[in-house]
Amino acid sequence: MYHVTPVANIERISRDGIRLTQTDQYSDRPALYLYVNIPRRRDLPTHLQNKEVGLFGVDIPEGHAVERSLLGKGSSVVVISRVYGDIPASNVWYLGLLSDIND
């Protein structure tokens, strides 16, 4: 699984892992959105499409609730997973800037 985040969060996530902090229009409880495959820039949420973002690999800890969904339209449909629970630093690894990996 893969997590995309603004560059400003890379150091904190590498050190502390990923912590759930807010809900959104898609879920009534905090959730982390992970991509099943490395996303293309056009697959990102609108607020991240024009920002420099880092890519993390994520191993979901045992016991975390996970829901799979399709996101997007037409040829831009991507599979995402909503994960309900914090991800410790031992379960994330920084892969690099998305623009250097896949754009």
**Qualifying residue in segment 18-28 (condition: exposed (fewer than 14 other Cβ atoms within 10 Å of the Cβ), out of contact with any Pro (no Cβ under 8 Å at 6 or more places or on another chain) and either modelled with pLDDT of 90 or more or under 14 Å from M1 (Cα atoms) (or both))** = no
**Asked** Going by the structure shown, is N9 assigned to a loop (DSSP other than H, G, I, E, B), in contact (Cβ under 8 Å) with a residue 24 or more places away in the chain, surrounded by fewer than 17 Cβ atoms within 10 Å (Cβ to Cβ) and under 14 Å from the mean Cα position of the chain (by Cα)?
**Response** no
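The values are calculated or read from the model by the stated rules, or taken from the named source; none is laboratory data. What you see is a predicted model, and the numbers here were worked out from it, not measured in a lab. Note that each Cβ is placed from the backbone with ideal geometry, even for glycine, and that neighbours are counted across all protein chains shown.
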